[in-house]
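Just below is one structure, and these are the notes that go with it.
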Amino acid sequence: MTQTAATEQELASHAAWQQQRQQRITSATGPLSLVETRWFEPGTTAEQAEQLVAEASAVESDNVVVTPMRRQRLNGDGEEFGLRRWQADAPAISEFLGMAQFDYNPEWVVEAVFTPATDGRTVAFEHIQEVGATRELTVPGDVTFTVNGETVTVTGFRASDTELIIPFSDRTTGASTALGSYAPGRFLAVNIENPEETGQLKVTLNFNYAYVPPCGFSAHFNCPMPPAQNRLPWEVTAGERAPQYTEGFDVHHI
């Protein structure tokens, strides 16, 4: 990798992003505040689910927000519905000390090529609460890049019309060293603009903006884990490492 120095603008932009992340993580409806995800009984209709969410919200205090959930069933047979409860004074918020971070590393700003997938292509993603089972997620395409002479191709799922989320792991993932990062992996957002119109698209992967997924802050998220092709062969020493909590606190055993 080529040794380069970060500019003042890069460092300032990254510091602002870190501050925004801190505010978002600790907000009243941020990932630390999620205290329940509940799926309704099989056969619950959309109309019934709406009523159940309204009833749950009506009995909560002012510091709790209830939001609806919907997703495809694991077997692909229709949708299921549920709710989430977000508590502004959740224990995890007061126990959270901040994010362990790698220093900004300009070597991990990597040029890449995004290649759109054919319509309807899916990739099987294992999820953190469904080990051994997979959910087929539609993927908009692949991202190919080279580091230290080694070329890899990764994929991700669409977050919006112009954004791809790449779940990835690397040799820092779960390591019990000073370079260890969150297991099972981190996320990286990539701007893919309008690849359907342009074909292959040059993109920049700035791993300094790699972040811990929501499941690092609450046991009530079910995050997709990196598929095999997204397990990178390097130590990606950039981005967020892991959430830090007061000694003895375990966000997954509250």
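All of the numbers you see were taken from the coordinates with simple rules; none came from a lab. Computed from a prediction, not measured in an experiment: that's the story for all the values here. In this analysis, Cβ positions are derived from the backbone assuming ideal geometry, glycine residues included, and neighbour counts consider all displayed protein chains.
In this simple spin-label model, placing a label point 7 Å from the Cα along the Cα-to-Cβ direction at both GLU79 and THR151 gives a separation of 4.2 nm. The DSSP beta bridges internal to the chain are antiparallel in roughly 95% of cases. Extension gain for GLU107-TRP39 works out to 20.1 nm (0.36 nm per residue, less the C-alpha to C-alpha distance). When LEU188, LEU32, LEU52 are arranged by Cβ crowding within 10 Å, least crowded first, meaning fewest neighbours, the order is LEU52, LEU188, LEU32. Annotation: extensible slack from ALA133 through SER94 equals 10.6 nm (criterion: 0.36 nm per residue apart, minus Cα-Cα distance). In whole Å, what is the distance between the alpha-carbon centres of the range 130-190 and the range 203-243? So the separation of the two Cα centres works out to 6 Å. Label-to-label distance, GLN244 versus ALA124, with points set 7 angstrom from Cα along the beta-carbon direction: 4.0 nm.
A crude spin-label estimate for the pair ALA178 and GLU55, with each label 7 Å from Cα along the Cβ direction, gives 5.7 nm. Computed over the chain, relative contact order equals 21 percent, with contacts defined as Cα pairs under 8 Å that lie 6+ residues apart.
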